[in-house]
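Chemist: Structure below; questions to follow.
The values are calculated or read from the model by the stated rules, or taken from the named source; none is laboratory data. All of these numbers come straight from a predicted model, not from anything done at the bench. When the accessible area is computed, the model is the full protein with side chains, heavy atoms only, and any ligands, DNA or RNA have been set aside. Shrake-Rupley method; radii C 1.70, N 1.55, O 1.52, S 1.80 Å.
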Amino acid sequence: MQRLAVIAKLKPDAENRAAELIEKGPPFNPRDIGFERHSVFLAGDHAVFVFEGGRLDQMLHGMIRNPSSAGTFREWEPLLEGMPKVAREAYHWERGDEWPEGWGE
């Protein structure tokens, strides 16, 4: 399972409009694309889109190039300050995993 986040910096006063777009849900069917999970976090001046699944690079490229979702992605353009950044998973833990002694413990 791969996980990655797309971090978008919002322009000042864009949080309410971003929340409206997020409330509509994604402009694609996550199941049809092959995602296992998809979440969006809104934190003031940032929106963080989290994707989980296999072969995420291929799935994201296909999703972005899909003409049926292009219109909705354009709705985000006036809200963004610069290009979104992709953050790849650097650490993950879930229940059932051994806890390795770390971070000074």
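Chemist: So how much accessible area does E36 have, in Å² to the nearest 10, using a 1.4 Å probe?
Modeler: 120 Å²
Chemist: Over the chain, with a single point scatterer placed on each C-alpha, what log10 of the ratio I(q)/I(0) does the Debye formula yield at q = 0.14, 0.15, 0.17, 0.23 1/Å?
Modeler: -0.62, -0.70, -0.86, -1.35
Chemist: What does the helix-only formula give at 222 nm for the chain: each DSSP H stretch with n ≥ 4 adding -39500 (n - 2.57), the total divided by the residues, and the result rounded to the nearest 500 deg cm²/dmol? Present the calculation step by step, with values, prior to reporting the outcome.
Modeler: On the way: 4 runs with 34 residues, N = 105.
That comes out to -9000 deg cm²/dmol.
Chemist: Largest first, what is the accessible-area ranking of S39, S68 with a 1.4 Å probe?
Modeler: On the way: S39 50, S68 90 Å².
Solvent-accessible surface, decreasing: S68, S39.
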